[in-house]
Amino acid sequence: MRIFRRIKMNGGMTYVELIVVLSIFAVLSTVSIYNYGIFESSIDIKNLASDIALQVVQAQNSSLNGLLPPAGYNYDPVDWKPAYGVYFDISTPKQFIYFVDLSNSTNGYDIGEDLNTFSIVKGNNYISRIDKCNNDVCAESISSLSITFRRPDSGAIFSDAGGARLDDFDYAQITVASPKEKIIAKIKLYPSGRVQIN
């Protein structure tokens with residue numbers, strides 16, 4: 001009888017033990033969910049930076065490969081040299097434009113030259129800054145940037161929204177950001193045509 005009574009008394013958890021176990025589980029779940037949100041935001045920003053870099057490389061490849069504009073675009077087929085680019089404007093921070101430079105004037109993007117407008121739809125991510133950088137110091141922010149590639153040169157031609165050529169810097173840097181946890185990624189664009197993501 002005593003053995004049975006001892007087993008019966010030690011046979012379960014008390015309410016206090018149950019509350020402690022559930023509290024520990026709740027704390028661990030909260031920490032995991034919070035860290036997963038930061039991780040997901042970090043991945044989204046890296047993917048956005050990669051998508052932007054990919055469009056710049058596609059513009060470079062399209063110009064070097066001599067890709068002709070799609071039907072419906074007005075250009076001179078005799079004198080036109082393949083020229084493609086990507087245009088960024090801080091006033092529309094949730095989009096960027098992939099374009100064909102039909103005028104061959106290397107003045108960057110003009111209205112009517114867009115081939116595709118990419119909207120940033122994932123989360124609240126956006127293009128936060130465009131900077132001109134010298135010696136790894138990005139001191140001058142600009143409001144717009146066209147990166148154009150023109151055959152046969154693989155180098156990038158930089159210009160602003162007014163068409164003025166920008167060449168007084170080592171590289172241009174585009175910063176993309178997520179308002180959640182202030183996570184950022186940077187895309188460095190060099191005049192040589194090299195693209196680097198940090």
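With the cut-off at 19 Å, tell me which of the pairs 132/182; 81/186; 46/122; 81/188; 81/132 have Cα atoms farther apart than that.
Over 19 Å apart, Cα to Cα: 132/182; 81/186; 81/188; 81/132.
If you take the beta carbon distance between residue 28 and residue 198 as r and set R0 to 41 Å, what does 1/(1 + (r/R0)^6) give as a FRET efficiency, to the nearest 0.05?
Numbers: r = 33 Å, r/R0 = 0.81.
Efficiency computed from Cβ-Cβ geometry: 0.80.
Restricting to DSSP H runs of at least four residues, report the calculated mean residue ellipticity at 222 nm for the chain, -39500 (n - 2.57) per run over all residues, nearest 500 deg cm²/dmol. Before the final figure, lay out each step's value.
On the way: 2 runs with 58 residues, N = 198.
Taken over the chain, the calculation gives -10500 deg cm²/dmol.
How much length, in nm to one decimal, is gained on full extension between residue 115 and residue 151, taken as 0.36 nm per residue of separation minus their Cα-Cα distance? Don't skip to the answer; put the middle values down first.
Values: separation 36, 0.36 × 36 = 12.96 nm, distance 1.80 nm.
Extra length available between residue 115 and residue 151 comes to 11.2 nm.
What is the range 91-132 by shape, rounded, prolate or oblate, if you read a ≥ b ≥ c off the alpha carbon gyration tensor as root eigenvalues and call it rounded for a/c under 1.5, prolate for a/b larger than b/c, and oblate otherwise? Numbers along the way, then the final one.
Working: a/c = 3.72, a/b = 1.75, b/c = 2.13.
Judged from the Cα gyration tensor, the range 91-132 comes out oblate (a/c at least 1.5, b/c at or above a/b).
How much length is gained if the chain between residue 90 and residue 15 is pulled fully straight, taking 0.36 nm per residue apart and subtracting their Cα-Cα distance, in nm to one decimal?
Here the segment from residue 90 to residue 15 would lengthen by 21.2 nm.
What does the C-alpha gyration tensor say about the overall shape of the range 107-198? Classify as rounded when a/c is under 1.5, otherwise prolate if a/b is larger than b/c, or oblate.
oblate
Carbon and sulfur: what percent of the chain's accessible surface (1.4 Å probe)? Please report the intermediate quantities before stating the final value.
Details: 6780 of 11850 Å².
Looking at the chain in its full context, I get 57 percent from C and S.
Quick check: from the Cα gyration tensor, does the range 23-86 come out rounded (a/c under 1.5), prolate or oblate?
Prolate shape, in that a/c is at least 1.5 and a/b is the bigger ratio.
Compute the accessible area per residue over the chain, keeping the other protein chains in place, probe 1.4 Å, unit Å². It would help to have the intermediate numbers written out before the result.
Values: 11850 Å² over 198 residues.
I get 60 Å² per residue for the chain.
Set the Förster distance to 22 Å, then compute FRET efficiency between residue 36 and residue 122 from the Cβ-Cβ distance, nearest 0.05.
Once rounded, the FRET efficiency stands at 0.90.
Rank by packing, highest mean first: peptides 80-86, 35-41, with packing defined as the count of other Cβ atoms within 10 Å averaged across residues.
Taking the mean over residues of other Cβ atoms within 10 Å, the ranking is 80-86, 35-41.
Please list 137-145, 64-72 highest first by mean number of surrounding beta-carbon atoms within 10 Å per residue.
Averaged packing, sorted descending, gives the order 137-145, 64-72.
The values are calculated or read from the model by the stated rules, or taken from the named source; none is laboratory data. Small disclaimer: the values here were computed from a predicted structure and weren't measured. Neighbour counts run over all protein chains shown; Cβ positions are idealised from the backbone, glycine included. Remember, those area values only see protein heavy atoms, side chains included, never the ligands or the DNA or RNA. Shrake-Rupley method; radii C 1.70, N 1.55, O 1.52, S 1.80 Å.
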